[in-house]
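Single-structure report; data block below.
The values are calculated or read from the model by the stated rules, or taken from the named source; none is laboratory data. Everything numeric in this text was worked out from a predicted model, so none of it was measured. Note that we place each Cβ from the backbone using ideal geometry, even for glycine, and neighbour counts take in every protein chain shown. Please note that ligands, DNA and RNA were not included when accessible areas were found on the heavy atoms of the full protein model with its side chains. Shrake-Rupley method; radii C 1.70, N 1.55, O 1.52, S 1.80 Å.
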Amino acid sequence: MFSNWATVAATPIQGLDGSSSSGSRIKPPVQFTGPKIFPRYSPPQTSSSSFAVPSQERSLYTFFAKIKKATEVTPEHLNTLGVSVEYGVPIEKLLPGDGVSFIPADDDKIFSERRRELLILNDDAVEALARRRKDIRLGHMYRFYQGVDMVKIYYPTEPPSDPLTPISSGDEAGNGGKRKAEEVVQGGVEKKGKPEESSTTATTPVSESPKTDGEEEDDRKFSMPEKFREELVKNFIEPICWGYGVRIYPPRAPPRVALQKSRFLVHMTNYIYLTPALPAEARSGLVEGPVMGVQVRHEFEFSKKKSDDSMDVDGEEEVEDLVGITREVAAALCIAQDRRKGPREDRKEGKTEKKVRYRAVGKNGKWHDDIFLLTSLHHHVSITRISVSQPYLRFLETGQMPNPNHEYFQTEEGKDWDKIKVQKTKFWDLLDPEERTEAGRSFSGVLGWLSRNESRGRLL
């Protein structure tokens, strides 16, 4: 029950007579050989006029109506939307106003226990999962460490002591019969120190039917199931959510962002909603918000070959993260439009659909909204804040330009009403105890700030 994936993958299938089956077996994990790239998008100069489209286009609506998928978005599309991006923003700067005061200290009543759990070393956590260590309590992070145990098999983090290890097969040998350290594994798991019991079965030979070159190539491809990454992220943030009266749920309907008459599907892995104050409403499954969005990305290759006349030695270059920013902007606009359905001065009652009572939880300011996303790439997480004005959202939905004489447009904030400001923190490594602890602290700060005006008691 508690054996790791490498043990299961390398164990031969037993026949009815107890002998090893000569048929197929579960394929061992194929590790990621990197590099772990976190691509960025460098937008061109944003347009000086509001929603200015290329001269050959009739309107903003026709310009965007041609888009069928995120890969068809161009820098001109984001330029028309007034998108600007800032990377590596400290969480202290990411939170608006006095948001820094909501970042928990080590002895914080809610965060301190999560901090203790997140600082547990991966190997110690695996020992606790296998019930070989009784002195380690994983607490609410139990399922998170189950995810860590699955994911780390595919992402070796520590190289062997010998950087070059001979291999016996002439077909597999590289230069001088050597291969790189990151390729040296036992049963798909890189080992350090004393081997575990599973290593004795991980190298057990299993007879297989002959494979074609194409099949062998497929076997060598990075093959981690997407569900592993999604569960790792979900089980990391869910125990933190419990302390702030919020819960994480998959989309209850396909998420879409509205652009006048068009509806574009949005990539959203999970929503974070507020639990209603009334117990009867909570038991009925009603939620309020959305509070935040969670977007897990499964791409892992972000480079392309340069032209033949390039002087680059490796022959590859990092690509602009146009698709990633497009998805984050679309997700933020989708959340902002849902939050806009909540109560406003001109509409006292908000909409309720599919047991979601729409409300702009944690909204700071009358004329704009700050949307927060937790995004994931590889085995890392980052927090994104995207600010959007109410006139901007109304224009997307109706195509009507606002009244320039309104008092809002005389303010400093109102001058950038037609822009979208994207700010992203660094990426924190969920397989590293110190980094995931800081990620948990930052995420707790965001939830604390968003739930600052809620009167309900926080649940542990």
*Tell me, yes or no, whether the range 248-257 has at least one residue that is modelled with pLDDT of 95 or more, loosely packed, with under 14 Cβ neighbours inside 10 Å and at negative phi.*
yes
*Give the residues of the range 328-362 that are polar (S, T, N, Q) and modelled with pLDDT of 95 or more, sorted by residue number.*
GLN337
*Do any residues in the range 225-240 that are over 12 Å from VAL151 (Cβ atoms) have Cβ atoms under 6 Å from those of residues that are of a type in the set (D, E, K, R) and surrounded by 18 or more Cβ atoms within 10 Å (Cβ to Cβ), where the two are at least six apart or on different chains, and which pairs are they?*
ILE240/ARG114
*Hits in the range 422-448 (condition: β-branched (Val, Ile, Thr), within 24 Å of LYS363 (Cα to Cα) and over 13 Å from the mean Cα position of the chain (by Cα))*: VAL422, VAL446
*Index of the failed condition, PRO104 passing every other in (1) within 15 Å of GLY440 (Cβ to Cβ); (2) open to solvent by 50 Å² or more (accessible area, probe 1.4 Å); (3) of a type outside the set (A, V, I, L, M, F, W, C); (4) not in a helix (DSSP H, G or I)*: (2)
*Just give me the residues in the range 392-410 being touching a Pro at 6+ places or on another chain (Cβ under 8 Å) and hydroxyl-bearing (Ser, Thr, Tyr), in sequence order.*
TYR408
*Quick one: what pairs do we get from the range 377-398, first residue farther than 22 Å from GLU92 by Cβ, second among the basic types (Lys, Arg) and not in a loop (DSSP other than H, G, I, E, B), C-beta under 8 Å, 6+ apart or different chains?*
HIS379/ARG229; GLN390/ARG340; LEU393/ARG340
_Filter pass, SER262 being at pLDDT 90 or above, more than 19 Å from ARG229 (Cβ to Cβ) and either of a type outside the set (Lys, Arg) or surrounded by fewer than 20 Cβ atoms within 10 Å (Cβ to Cβ) (or both)_ = no
_Yes/no for SER21 being over 30 Å from the mean Cα position of the chain (by Cα), within 17 Å of GLU397 (Cα to Cα) and modelled with pLDDT under 90_ = no
_Can you pull out every residue in the range 286-301 that is under 16 Å from the mean Cα position of the chain (by Cα), open to solvent by less than 20 Å² (accessible area, probe 1.4 Å) and not β-branched (Val, Ile, Thr)?_
MET292, GLY293, GLN295, ARG297
*How about the range 107-127: which of its residues are β-branched (Val, Ile, Thr) and either assigned to a helix (DSSP H, G or I) or open to solvent by 30 Å² or more (accessible area, probe 1.4 Å) (or both)?*
VAL126
_Between a residue in the range 45-73 that is closer than 16 Å to THR398 by Cα and at pLDDT 85 or above and any residue that is open to solvent by 30 Å² or more (accessible area, probe 1.4 Å) and of a type in the set (A, V, I, L, M), which pairs come within a Cβ distance under 7 Å, given they are 6 or more apart or on different chains?_
SER59/VAL53; LEU60/VAL53; PHE63/VAL53
*Residue list for the range 200-242, filter: of a type in the set (A, V, I, L, M), at pLDDT below 90 and assigned to a helix (DSSP H, G or I)*: ALA202
*Restricting the search to the range 59-94, which residues are touching a Ser or Thr at 6+ places or on another chain (Cβ under 9 Å), more than 23 Å from GLU320 (Cβ to Cβ) and open to solvent by less than 60 Å² (accessible area, probe 1.4 Å)?*
ALA65, ILE91
